[in-house]
Amino acid sequence: MKNQGDIDSASVQPVIIPRPEHTISRANISSSALKVLYRLKEAGFESFLVGGGVRDLLLGREPKDFDIGTNAHPDEVRKLFRNARLIGRRFRLAHVRFGREIIEVATFRARHDPDSSDNEAGAHSDEGRILRDNVYGSIEDDVWRRDFTVNALYYDIRDFSIVDYVNGLEDLNSGTLRVIGDPEQRYREDPVRMLRAVRFATRLGFRVHEDSEKLLWELGYLLEDIPAARLYEEVMKLFLGGCALNTFELLRHYDLFRYLFPHTDAVLAGEEDGFPITFVSRALDNTDARLAQGKPVTPAFLYAALLWEPMRKQARELEAGGASPLEAIQVAGNRMVSQQADHTSLPKRFSFPMREIWMLQPRLERRRGKTPFRTLDHPRFRAAYDFLLLRAEVGEAPVELAEWWTEFQEQNPSDRSGMVETAPKPKSRRRRPRKRKPAAASDH
């Protein structure tokens with residue numbers, strides 16, 4: 001594979017795979033995507049299905065979405081589709097909405113000339129990171145702007161062939177994930193490509209080509225310059241795609257996890273009572289199992305699991321200073337949210353439920369009086385109970401406590417009252433007396 005800067009796109013001849021020689025059928029393509037492809041073609045524009053949709057169809061998988069590449073500019077796409085909306089400044093795109101389905105339409109992109117005065121169309125940082133990428137070109141230009149060879153296969157709606165400029169089909173068949181062009185240049189253009197390499201490798205079961213892999217250990221620090229909001233979106237893709245545990249392990253293998261969750265990574269490097277800390281791994285394994293069963297997983301629960309260990313460490317330090325368990329979790333939770341926001345943000349609609357999951361943990365230890373009934377009625381009880389089960393599985397919470405709450409939910413009201421009356425009292429925690437400040441010396 002030649003470096004991107006050494007390629008004259010006009011001199012590269014693509015491999016054309018005709019319809020009889022590949023497995024993609026229009027029957028497996030979204031009807032909405034077909035409508036967009038055909039309307040662009042009928043309007044005189046080039047239109048190709050491209051990216052993950054083509055890759056997944058060739059692998060016999062069901063695509064999560066269908067993206068389209070065209071030589072029509074965003075404003076021209078919007079004129080063709082009344083249901084289109086233009087989004088993005090860094091990458092200008094058209095979203096064509098059909099009910100709940102969105103078809104993403106991107107104009108072919110070309111390399112930005114760093115000597116060009118048109119900084120509104122394209123711009124790079126001093127480190128080489130792409131700040132704006134709205135320089136348009138042809139399909140021959142566009143292919144070199146894509147990240148991996150397996151994502152640079154184009155399905156041509158005109159004759160239903162596949163167009164391959166970068167030996168993407170060969171890499172697809174061999175299970176190889178390879179960066180297009182010079183890996184260092186491409187990672188510097190957009191450091192998030194390193195996270196995408198991990199995500200695709202785990203999701204597809206591919207190996208990262210050695211030329212693309214070796215820099216993952218060296219260039220992770222570039223992620224520090226990526227906005228926290230964008231990294232939050234990547235975290236959702238990394239951990240809510242059904243391969244959370246394998247993704248976590250591969251991120252740590254390449255030393256990339258610490259740029260997303262530095263406080264968690266620091267805690268996981270140690271041990272607790274002589275044993276490795278396994279809560280995060282168990283929680284991510286549970287996340288994969290829930291998704292496989294079609295059950296929902298919210299970002300609040302995911303972040304609660306990922307940040308639990310560093311938050312709990314801070315809470316223990318506060319308890320040692322005299323705070324109650326509830327006070328300690330409340331203060332440590334607020335600190336943890338603030339500290340994590342510098343790396344991957346978490347919207348308030350998720351950070352509040354996350355802290356409630358944490359704060360309900362000490363309340364679950366109280367099984368006498370009216371507290372269990374109020375806890376059971378709490379809107380975040382179910383998530384907090386599931387969290388307790390995970391803690392019990394790794395030996396962090398008493399199994400008997402988890403079993404008690406499991407049984408308590410299943411009983412009728414009168415039997416619940418009996419369980420509360422016979423429940424063991426929580427172990428008393430002796431609070432250290434707060435040190436009083438010495439009285440100010442009197443001037444009289």
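The number of residues in the stretch 343-365 that are β-branched (Val, Ile, Thr) and under 17 Å from Met236 (Cα atoms) comes to 1.
For (1) over 22 Å from Leu284 (Cβ atoms); (2) out of contact with any Gly (no Cβ under 7 Å at 6 or more places or on another chain), each residue gets a yes or a no:
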| position | (1), (2) |
| --- | --- |
| Ser174 | yes, yes |
| Ile180 | yes, yes |
| Phe206 | no, no |
| Asp211 | yes, yes |
| Leu223 | no, yes |
| Thr247 | no, yes |
| Leu256 | no, no |
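Taking the stretch 317-355 as the search range and keeping residues that are more than 30 Å from Leu256 (Cβ to Cβ) and acidic (Asp, Glu), which one is surrounded by the most Cβ atoms within 10 Å (Cβ to Cβ)? Looking at residues that are more than 30 Å from Leu256 (Cβ to Cβ) and acidic (Asp, Glu), I get Glu319.
Selection over the stretch 4-37 of residues that are modelled with pLDDT under 65, farther than 18 Å from Val150 by Cβ and surrounded by 14 or more Cβ atoms within 10 Å (Cβ to Cβ) gives a count of 2. Evaluation of Lys295 against the conditions (1) assigned to a loop (DSSP other than H, G, I, E, B); (2) in contact with a His (Cβ under 9 Å, 6 or more places away or on another chain); (3) basic (Lys, Arg) shows that the sole unmet condition is (2).
If only residues of the stretch 171-192 that are out of contact with any strand residue (DSSP E or B) (no Cβ under 8 Å at 6 or more places or on another chain) and farther than 20 Å from Leu215 by Cα are counted, the one that is surrounded by the most Cβ atoms within 10 Å (Cβ to Cβ) is Ser174. The set of residues in the stretch 14-44 being over 34 Å from the mean Cα position of the chain (by Cα) and among the charged types (D, E, K, R) consists of Arg19, Glu21, Lys41, Glu42.
Restrict the check to the stretch 141-152 and report whether at least one residue is of a type in the set (A, V, I, L, M), closer than 28 Å to Arg26 by Cβ, buried (at least 19 other Cβ atoms within 10 Å of the Cβ) and more than 24 Å from the chain's Cα centre (by Cα). Scanning the stretch 141-152 turns up at least one residue that is of a type in the set (A, V, I, L, M), closer than 28 Å to Arg26 by Cβ, buried (at least 19 other Cβ atoms within 10 Å of the Cβ) and more than 24 Å from the chain's Cα centre (by Cα).
Counting the residues of the stretch 63-83 that are within 26 Å of the chain's Cα centre (by Cα) and of a type outside the set (Phe, Trp, Tyr) gives 6.
Yes/no per residue for (1) in contact (Cβ under 8 Å) with a residue 60 or more places away in the chain; (2) in contact with a Cys (Cβ under 7 Å, 6 or more places away or on another chain); (3) within 22 Å of Pro63 (Cβ to Cβ); (4) surrounded by fewer than 17 Cβ atoms within 10 Å (Cβ to Cβ):
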site: Met194; (1), (2), (3), (4): yes, no, no, no
site: Val198; (1), (2), (3), (4): no, no, yes, no
site: Lys214; (1), (2), (3), (4): no, no, no, yes
site: Glu218; (1), (2), (3), (4): no, no, no, yes
site: Leu223; (1), (2), (3), (4): no, no, no, no
site: Leu238; (1), (2), (3), (4): no, no, yes, no
site: Thr247; (1), (2), (3), (4): no, no, yes, no
site: His253; (1), (2), (3), (4): no, no, no, yes
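With respect to being hydroxyl-bearing (Ser, Thr, Tyr) and under 17 Å from Ala305 (Cα atoms), Thr247 fits the description.
The values are calculated or read from the model by the stated rules, or taken from the named source; none is laboratory data. Everything numeric in this text was worked out from a predicted model, so none of it was measured. With ideal geometry, Cβ positions are generated from the backbone for all residues, glycine too; neighbour counts draw on all protein chains shown.
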